[in-house]
Amino acid sequence: MLHDDRWPRCPRLLPGESLSSWFARTAVANGLRPVELFRIVQPGGDRIPRDLDRYADDPLLYLLADRTGMDRDALVQATFRHWAGTVFAHDDGLNKLPWLPPAGRVGGRRCFGQQFCPWCLNADAAPYLRLNWRLSFVTVCPIHQRLLLDRCPVCNEPFSVLRMDRVQDMRCPSCAADLRHCTADTPPVDVVPVQQDLQRVIGQGWWTLGLHGPVYSFAALDILAVLVRLLAGGPHAHALRTWVGEQAPNLAVPPEAVPRARDGALQTPRARSVVIAMAHWLMGEWPKRLIEGARAMGMTSTDLWKRPKEQYPFAFADVVEWHLKAPHKDSNRDEMAAAKAILMRQGKPTTHRNLVALCGIKLSAMSDLADAASENAAPWGKGRYWKLDGVSPEVKEAARRAAHRAGEGVGPWLDGLLRRELGMPARKTPYACQSADTFADEFISGCAG
Ligand SMILES: [Zn+2]
Ligand SMILES: [Zn+2]
């Protein structure tokens, strides 16, 4: 083989390194920015490289292997294809992969799929990103036992190694903060054993689910993702988290620890660590815990089917079909209207509480149709979830947006901010030993100017 085509410097893949990380290091070793090297290997391609961990195709990987002398298979194994058949069945490149969310900016949206452990980066002779940090059920560094970061703690921008100028010192591409000197919180629940179990599941390729026996790991992870979504947002999330906390006290966290999110993958590693540990617990003693939890919440198949039934893994569809089938499918709204009419004839207020008492079951249609308990109160579920008397509406709105950018609920975000401003220690229980701050003090003062 001719070696003339090789680039002058060809760093080796480091243990567990992702392709995008290796690509960025290769660019820098040859005096280029990752974006510049990408334009050389993909002339006429996108101006900003797409996520190489997912989208590097065979021609590109073969070209990179030829130019660097790296083994092609080793490069393939540094991409998401490493998990084909275990974390996902196959990747058509179009649909979302439940456990491998996009990284950086995609179509102008901030995507937090690239996580990192600042301590690992700091300890590396040559800082590099681990492929495992892309998996969204990995929320804690098993070595340092701290939550991973998924955004720059200074500017809250997502991290993308392909947008960096220099990889040696791992700086945020947006504000140049040195990510090796960030610090991260301890997780609110002990999620490391859960992570280890999920790694074991994808290692062996199946998950044994009680009566349903061994289920392909990608199908079982699909069920886990459904449960994570139920716990992350939607009408039952709050109550279901409380119920799980009562059954498994080691998972009890205050409700505000987990800001509402439609999609669990969009949550910060801290919130994700909680809902993933809870969803994993719900899958234990399959399907007993799921059925008990769903019944305790008054959840039925109407709440659980969000896509056509046949698109769910059999183990899940079977449980919902047999144990949680809604008694009167699709007629909840009519039922509620009738229940309201009964209450009105009896001269009783048509509040959420009275509807539940009358029907003996909680249905999502109640939230829409129930009236407020008093004239001054907001309708059910529409109340302000935080208030600060005397604070101007524009500050409230700005605070709401800032908390959202940081991936927090307004309450915990404001609490952390005020504690820092007032020089108060971080909130203790139930986040024992946890810093409200995600940055070392010297770094904050160094950045203030
Ligand atoms: Zn680490
Ligand atoms: Zn930044």
How much area per residue is accessible in segment 19-181 when the probe is 1.4 Å and only protein heavy atoms are counted (Å²)?
41
With Rg and the Kirkwood Rh both taken from Cα atoms, where does Rg over Rh land for segment 1-137?
0.95
Treating only Lys and Arg (+1) and Asp and Glu (-1) as charged, each at its beta carbon, one finds that segment 19-181 has a dipole about its Cα centre, in Debye to the nearest 20, of 440
How much length would be gained if the chain were fully extended between residue 65 and residue 125, taking 0.36 nm per residue of separation minus their Cα-Cα distance, in nm to one decimal?
19.2 nm
Degrees, to the nearest 10: 58-68 long Cα axis against longest axis of the chain
40
Which of 389, 71, 178 moves most in a GNM of the chain, Cα contacts under 10 Å?
389
Rank 122, 30, 95 by mean-square fluctuation in a GNM of the chain with C-alpha springs under 10 angstrom and give only the top-ranked residue.
95
Dividing the mean separation of Cα pairs under 8 Å (6+ apart) by the residue count of segment 19-181 yields a relative contact order in percent of 23
Once both axes come from the Cα atoms, what is the angle between helix 192-204 and the longest principal axis of the chain, in degrees from 0 to 90, rounded to 10?
70
Degrees separating the helix 269-282 axis from the principal Cα axis of the chain, which is the longest one
60
Say we join alpha carbon atoms closer than 10 Å with springs in a Gaussian network model of the chain; which of 45, 108, 411 then has the biggest fluctuation?
108
Value of relative contact order over segment 85-225, rounded to a whole percent, pairs C-alpha under 8 Å and six or more apart:
25
Over the Cα atoms of segment 255-306, compute the convex hull volume and normalise it per residue, giving Å³.
95
Over the Cα atoms of segment 136-233, each weighted equally, I'd like the Debye log10 I(q)/I(0) at q = 0.18, 0.19, 0.21 Å⁻¹, rounded to two decimals.
-0.96, -1.00, -1.08
Relative contact order [Cα under 8 Å, 6+ residues apart], the chain, whole percent:
13
Expected 222 nm ellipticity per residue - DSSP helices of 4 or more, -39500 (n - 2.57), all of the chain, to 500
-12000 deg cm²/dmol
For the chain, inverting the pair-averaged 1/r of distinct alpha-carbon atoms gives a Kirkwood value in Å of 24.2
Of every hundred units of 1.4 Å-probe accessible area on the chain, the number belonging to carbon and sulfur atoms, as a percent, is 54
Per-pair calculated FRET efficiency, R0 = 35 Å: residue 211 and residue 348 via Cβ, rounded to 0.05:
0.20
Hey, what D do you get for segment 192-323 in µm²/s if you plug the Kirkwood alpha-carbon radius into Stokes-Einstein at 20 °C and 1.002 mPa s?
144
State to the nearest 20 debye the size of the charge dipole of the chain about its Cα centre, where the only charges are +1 on K and R beta carbons and -1 on D and E beta carbons.
780
Could you tell me which of 21, 59, 187 has its Cα farthest along the dipole of the chain towards the positive end, charges placed at Cβ (Lys, Arg +1; Asp, Glu -1), taken about the Cα centre?
187
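The values are calculated or read from the model by the stated rules, or taken from the named source; none is laboratory data. Computed from a prediction, not measured in an experiment: that's the story for all the values here. Please note: Cβ atoms are built from the backbone with ideal geometry, for glycine as well, and neighbour counts cover all protein chains shown. Accessible surface is based on the protein model in full, side chains and every heavy atom, while ligands, DNA and RNA are left aside. Shrake-Rupley method; radii C 1.70, N 1.55, O 1.52, S 1.80 Å.
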